[in-house]
Amino acid sequence: MPRHSRLRESEGYCIMQSNRSFWAATFVAALAATFVFGGCVSGTDTLTLAERGESDRPSFSETRAIAEEGFIYGLPIVMNYAVMYEFCVDKNSGQYKGPFNQIANEARVFTYQDTSVITPNSDTPYSMLWLDLRAEPMVISVPAVEKQRYYSVMLCDGNTFNYGYIGSRATGNDAGDYLVVGPGWTGSAPPGIKRVFHATTQFALTIFRTQLFNAEDMSNVVKVQSGYRVQSLSSYLHQPAPPPAAVLDFPKVNQELVKTNFFEYLDFALQFAPPGPEEREIRAKLARIGIGPGKPFDFKDLSLEHKAEIALGMKQGEKKIEEKVAAIGKSINGWHVGAAFGDRAFFNGDWLLRAAAAKAGIYGNDAEEAMYPMTRWLANGETLDGSKHNYTLTFEAGKFPPVNAFWSVTMYDGKTQLLIKNPINRYLINSPMLPQMKKNADSSLTIYVQRDSPGKDLESNWLPAPDGPVYLVMRLYWPKTEPPSILPPGAGTWAPPPLQIAK
């Protein structure tokens with residue numbers, strides 16, 4: 001089997017495996033060691049000199065506090081930059097998809113060999129598009145899609161704000177042309193444009209998800225994907241193009257560089273992201289340690305002592321993010337059910353929620369588009385572990401996840417949040433598979449969650465588990481709003497059933 005691109009999509013959708021250790025606590029530990037033991041502390045760095053003459057400069061304790069808040073604020077932005085760099089900049093990354101403003105279609109679903117994005121969706125073949133909106137707006141066109149096939153086009157910018165949707169739920173399955181504009185654009189939509197979407201950053205990701213009914217359906221998905229188009233506004237209008245945007249020197253990002261350059265990556269990314277009203281306070285704080293537009297000095301000019309304080313602040317920020325991930329939503333039958341993705345108004349300056357959402361699975365959908373109950377536990381709080389137990393997940397008759405499109409349950413390694421290699425190449429069980437599955441005598445359906453096969457008679461219902469910690473994500477695409485419903489998140493009239501230790 002050929003080795004596939006290592007893209008991990010959260011549903012979230014994408015962060016390279018080489019960067020995965022960056023999000024772990026060992027990253028900040030290594031960073032602290034680098035800063036503390038990397039050399040002697042100088043009393044002549046820019047910040048120290050400034051402190052002697054200006055009371056507005058942060059003290060060591062203030063520097064640590066700003067670093068903690070800045071790490072929480074900046075984590076999704078830097079994670080997004082790392083993905084963008086691998087997909088569109090570094091042609092030797094092993095993840096490269098193509099240049100900006102060009103759609104890359106994947107005529108397959110993700111497997112254990114895709115490692116760029118944690119908790120990747122393996123339900124829908126992806127099409128990816130990174131937009132560069134600096135020179136002019138771009139027009140995204142979608143074809144007419146048969147009514148029974150769900151598809152969505154999620155527009156997610158460099159702030160990881162989902163700033164709009166095209167697709168079955170949002171705009172229907174008819175063909176259409178849609179305009180995407182960057183921050184500060186003041187033009188008007190030309191005739192033929194159905195809707196205008198406003199990104200909050202100049203670089204933005206577009207994720208196309210196209211439902212696949214079964215393996216034999218892939219050729220039909222390819223036909224839909226071939227109808228996804230993108231072009232500049234000037235091309236759409238048959239007008240001369242404006243001057244091109246400046247060629248950028250994108251800073252290289254990899255596992256080693258990110259240990260010491262987190263805030264330098266954030267500094268680079270913020271130049272393409274004008275602050276919203278709710279960002280002005282954190283941006284002002286970051287400027288005090290040399291990060292972002294308006295900074296009075298460069299972050300790289302800080303002393304080792306200041307950088308040690310920054311490393312400690314980042315470690316504290318990482319701890320808070322981990323705690324928030326565990327607390328997202330409401331615990332229902334051992335599943336965490338909540339809403340963690342949305343637009344600028346949804347987050348409303350809650351940077352900890354945004355960071356936790358990215359950590360749990362970057363590029364997730366809004367609750368109205370998809371819900372993601374996730375679990376690592378039994379209802380009693382015991383951790384799921386495929387090396388210790390076999391488990392069952394049983395849906396009572398008539399109580400499957402209530403959706404307008406389809407649902408799935410996907411298995412991940414509890415340590416890496418990646419799909420796992422298994423003997424039947426099955427990473428999920430979803431509703432299109434129901435006709436081939438065996439129901440119980442009372443018409444309920446049991447999924448066998450375990451490392452080894454439950455036997456040939458039950459293999460149709462087997463969801464292979466890792467030999468260790470288990471992480472399960474249930475996906476409800478286009479969840480129903482009328483009862484029974486999982487909406488509103490955490491307070492719906494339908495609840496995911498608990499996992500049980502197999503008898």
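Nothing in this text is a laboratory measurement; each read-out follows from the coordinates by a stated rule. What you see is a predicted model; the values in this text were computed from it and never measured. Using ideal geometry, Cβ is built from the backbone for each residue, glycine included, and neighbour counts are taken over all protein chains shown.
Results, tabulated for the structure shown:
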read-out: Placed amide H near Ala245: partners under 5 Å, 5+ positions off or other chain; value: Ala135
read-out: Estimated FRET transfer efficiency when R0 is 51 angstrom, pair Gln102-Asp442 (beta carbons, to 0.05); value: 0.45
read-out: Greater than 27 Å apart at Cα, pairs in Lys223/Lys456; Lys259/Lys319; Lys300/Lys324; value: Lys223/Lys456; Lys300/Lys324
read-out: Dipole of the chain, positive end: most advanced residue of Cys88, Asn365, Asn380 [Cβ charges, Cα centre]; value: Asn380
read-out: In sequence order, calculated HN-Hα J values of region 85-97 (Karplus, 6.51, -1.76, 1.60; Hz; x Gly/Pro); value: 4, 5, 7, 10, 10, 8, 5, 9, 6, x, 10, 4, 10
read-out: Residue order, fewest to most surrounding Cβ atoms within 10 angstrom, among Glu369, Glu482; value: Glu482, Glu369
read-out: Within region 104-236: Cβ-based charge dipole about Cα centre, in debye rounded to nearest 20 (Lys, Arg +1; Asp, Glu -1); value: 240
read-out: Size of charge dipole - region 136-180 - debye, nearest 20, with Cβ of Lys, Arg +1 and Asp, Glu -1, no other charges; value: 260
read-out: Region 67-168: relative contact order as a whole-number percent, Cα under 8 Å and 6+ apart; value: 22
read-out: Region 202-348, relative contact order in percent, only Cα pairs under 8 angstrom and at least six apart counted; value: 11
read-out: Residues of type aspartates and glutamates that Lys307 reaches as a straight line, Cα spacing below 13 Å, ignoring anything fewer than 8 places off in the same chain; value: Asp45, Glu62, Glu68, Glu264, Asp298
read-out: Per-q log10 I(q)/I(0), region 269-406, q = 0.09, 0.10, 0.18 Å⁻¹ (Debye; single scatterer per alpha-carbon; no solvent); value: -0.44, -0.52, -1.16
read-out: Distance histogram in 10 Å bins (all Cα pairs of the chain, percent per bin); value: 4, 19, 29, 25, 15, 7, 1, 0, 0
read-out: Candidate lysines - alpha carbon under 16 Å from Lys320, same-chain residues fewer than 8 apart omitted; value: Lys359
read-out: Protection-proxy order for peptides 115-124, 337-346, 141-150, each taking the mean of Cβ atoms within 10 Å per residue, highest first; value: 115-124, 337-346, 141-150
read-out: When each of Lys252/Lys295; Lys330/Lys399; Lys91/Lys147; Lys252/Lys388; Lys97/Lys421 is checked by Cα-Cα distance, pairs over 32 Å; value: Lys91/Lys147; Lys252/Lys388
read-out: Spin-label model distance (nm) - Ser235 vs Val196, 7 Å beyond Cα toward Cβ; value: 2.2
read-out: Calculated FRET value between Glu62 and Asn380, using beta carbons and R₀ = 45 Å, to 0.05; value: 0.55
read-out: Between helix 25-37 and the chain: long-axis angle, C-alpha atoms, 0 to 90°, nearest 10; value: 20
read-out: Amide H contacts under 5 Å for Ala370, placed H, 5+ residues apart; value: Trp478
read-out: Lys147/Ala397 FRET efficiency (R0 35 Å; Cβ-Cβ; nearest 0.05); value: 0.80
read-out: Relative contact order %, the chain, counting alpha carbon pairs below 8 Å whose residues are six or more apart; value: 20
read-out: Label zone at Phe250, where the point sits 7 Å out along the Cα-to-Cβ direction: region 107-142 residues whose backbone N lies under 13 Å; value: 129-133
read-out: Cα centre as origin, Lys/Arg/Asp/Glu Cβ charges: the chain dipole, Debye; value: 820
read-out: In Hz, Karplus ³J(HN,Hα) per residue of region 306-318 (6.51, -1.76, 1.60; θ = phi - 60°; x = Gly, Pro); value: 5, 5, 5, 5, 5, 4, 5, x, 5, 5, 5, x, 4
read-out: Inter-label distance for Ala170 and Ala284, nm, one decimal - labels placed 7 Å from Cα along Cα-to-Cβ; value: 3.4
read-out: Amide H within-cut-off set for Ser232, under 5 Å, with H built and near neighbours excluded; value: Val139
read-out: Residue-span extension gain [Ala326 to Ala495] - 0.36 nm each, minus C-alpha spacing; value: 59.0 nm
read-out: Peptides ranked, highest mean first, by Cβ atoms within 10 Å: ranges 410-416, 440-446; value: 410-416, 440-446
read-out: Cα-based Kirkwood hydrodynamic radius, region 104-236, one decimal, Å; value: 15.4
read-out: Using θ = phi - 60° and Karplus 6.51 cos²θ - 1.76 cosθ + 1.60, couplings along region 212-217 (whole Hz; Gly, Pro as x); value: 10, 7, 6, 4, 6, 8
read-out: Helix 60-84 axis, angle to the chain major axis (alpha carbon atoms, nearest 10°); value: 50
